[in-house]
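Asks: Here it is, the structure, as structure tokens.
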Amino acid sequence: MPGALQALHSAPIAEQIKEKAMSDKIIKKSDAEWRTELSPEEYRICREKGTERAFSGTYYEEHRNGVYQCRCCGEPLFSSATKCESGSGWPSFFQPIEAGALEEHRDMAHGMVRTEIVCRKCGCHLGHVFTDGPKPTGLRYCINSASLKLEAKE
Ligand code: FE
């Protein structure tokens, strides 16, 4: 019986701890707060799932080394070591900096089925991931410059 009782009581506690750890990591701000921290163009892209005009962003031709962070929350998302020349007009990467940094959502907008990528920590819209990328992953993370901030390494 002690074993059963222990299982009964420890399961909900374990779940509580897990939820607590997750909520600590998630950043939630109101639209008004995001508007004060972002330019109108950044707000449109990051918080309203907009897309910057091809070849118009800051980073599609960026070649400095460093870590690309989320524009909204500063979480590291991509390494310059995984940046690839896609010719698409948006900065592209073949893998995220770590598996848990991104979240994928099915996107049915504009008559297409695409996989939207958002920052797991704050929900910032980053772009989309496609399966026509280069080796070694075959993935192409096509990201808006406006959703990123490069922490350049000299
Ligand atoms: Fe973020």
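The values are calculated or read from the model by the stated rules, or taken from the named source; none is laboratory data. Fair warning: this is a prediction, and the values are worked out from it, not measured in the lab. Backbone-built Cβ (ideal geometry, glycine too); neighbour counts: all protein chains shown. Just so you know, the surface numbers come from the protein's heavy atoms only, side chains and all, with ligands and any DNA or RNA stripped out. Shrake-Rupley method; radii C 1.70, N 1.55, O 1.52, S 1.80 Å.
Asks: For segment 57-154, which whole-number percentage of the solvent-accessible area (1.4 Å probe, protein heavy atoms only) is attributable to carbon and sulfur atoms?
Replies: 48
Asks: I would also like to ask the following. What Rg and what Dmax come out for segment 26-152 when only alpha-carbon atoms are used, in angstroms?
Replies: My reading of the Cα-based Rg and Dmax gives 13.5, 41 Å.
Asks: Calculate one ³J(HN,Hα) per residue across segment 102-111 by plugging θ = phi - 60° into the Karplus curve 6.51 cos²θ - 1.76 cosθ + 1.60, and present them in order as whole Hz with x for glycine and proline.
Replies: Result, rounded to whole Hz: 10, 10, 10, 10, 6, 10, 9, 5, 6, x.
Asks: Using a 1.4 Å probe, what is the accessible area per residue for segment 26-152, in Å²?
Replies: 53
Asks: Here's a follow-up. Name the residues whose placed amide hydrogens come within less than 5 Å of the amide hydrogen of residue 130, ignoring near sequence neighbours (fewer than 5 apart) on the same chain.
Replies: 140, 141, 142
Asks: With labels modelled as points extended 7 Å from the Cα through the Cβ direction, what inter-label distance (nm, one decimal) is found for residue 99 paired with residue 56?
Replies: Distance between label points: 3.7 nm.
Asks: Identify all aspartates and glutamates with a Cα-Cα distance to residue 25 below 13 Å; exclude those on the same chain that are fewer than 8 residues away in sequence.
Replies: Hits, sequence-local ones excluded: 75.
Asks: Pairs 49/153; 121/153; 121/149: which are spaced more than 20 Å apart, C-alpha to C-alpha?
Replies: From 49/153; 121/153; 121/149, over 20 Å: 49/153; 121/153.
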